[in-house]
Amino acid sequence: MEIRRLDRGNLAPAYGIEGERLLPWDALTAPFEGAWCVVRPGGASDPHEHHEHEIFIALAGRARLVVDGAEREFAAGDIASLRPGSVHRVVNDSDADFEYYGIWWDAAMAQRFLEAAR
């Protein structure tokens, strides 16, 4: 067993917020990718879209999730599913960090995983 811990000193900017990518990680082969994401108080991710399927798992704090113009409260314990091509952003209007884990996948990632597993 290997446990990978969040390294807050290793957070890097992406999409207007900060995050730490799951890969590379020698101990893991998976048909998906992921990142621990932190949205600072008053911050928001840039509106963007992907061709991949994506889920967000809210871990700490509260924020608003805006997807294709629809807004919903998004808080620790919630999981959101985002369809490919949906324009989305996370907005933190609170006075504390909002943290979530994003996981995304597509057919090409699954195919590479299957080929490596042979």
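The values are calculated or read from the model by the stated rules, or taken from the named source; none is laboratory data. Note that the structure is a prediction, hence the values are computed from the model and not measured. Using ideal geometry, Cβ is built from the backbone for each residue, glycine included, and neighbour counts are taken over all protein chains shown. Only protein heavy atoms, including side chains, enter the accessible area calculation; ligands, DNA and RNA are left aside. Shrake-Rupley method; radii C 1.70, N 1.55, O 1.52, S 1.80 Å.
Which pairs have Cβ atoms under 7 Å, sit 6 or more apart or on different chains, and link a residue in the stretch 1-15 that is surrounded by fewer than 10 Cβ atoms within 10 Å (Cβ to Cβ) to one that is β-branched (Val, Ile, Thr) and in a loop (DSSP other than H, G, I, E, B)? Pairs that qualify, where the first residue is surrounded by fewer than 10 Cβ atoms within 10 Å (Cβ to Cβ) and the partner is β-branched (Val, Ile, Thr) and in a loop (DSSP other than H, G, I, E, B): there are none.
Taking the criterion of being open to solvent by 50 Å² or more (accessible area, probe 1.4 Å) and either modelled with pLDDT of 95 or more or under 16 Å from Phe56 (Cα atoms) (or both), the residues of the stretch 17-27 that qualify are Glu18, Arg21.
On inspection, Pro31 qualifies as in contact (Cβ under 8 Å) with a residue 24 or more places away in the chain, touching a helix residue (DSSP H, G or I) at 6+ places or on another chain (Cβ under 7 Å) and at negative phi.
Which is open to solvent by 50 Å² or more (accessible area, probe 1.4 Å), without any contact (Cβ under 8 Å) to a residue 24 or more places away in the chain and farther than 20 Å from Gly16 by Cβ, of Arg118, Arg83?
Testing whether each residue is open to solvent by 50 Å² or more (accessible area, probe 1.4 Å), without any contact (Cβ under 8 Å) to a residue 24 or more places away in the chain and farther than 20 Å from Gly16 by Cβ leaves just Arg118.
Any idea how many residues of the stretch 86-103 are in a strand (DSSP E or B), within 26 Å of Leu28 (Cβ to Cβ) and open to solvent by 40 Å² or more (accessible area, probe 1.4 Å)? Break it down into steps so the answer makes sense when it comes.
Going through the stretch 86-103, the residues in a strand (DSSP E or B) turn out to be 88-91, 98-103.
The next check asks that each one be within 26 Å of Leu28 (Cβ to Cβ); those that pass are 88, 90, 98-103.
Adding the requirement that they be open to solvent by 40 Å² or more (accessible area, probe 1.4 Å) leaves 101.
Residues that pass the stated criteria total 1.
Taken over the stretch 49-61, the criterion of being in contact with a Gly (Cβ under 9 Å, 6 or more places away or on another chain) and either outside any strand (DSSP E or B) or open to solvent by less than 30 Å² (accessible area, probe 1.4 Å) (or both) is satisfied by Glu49, His50, His51, Glu54, Phe56, Ala58.
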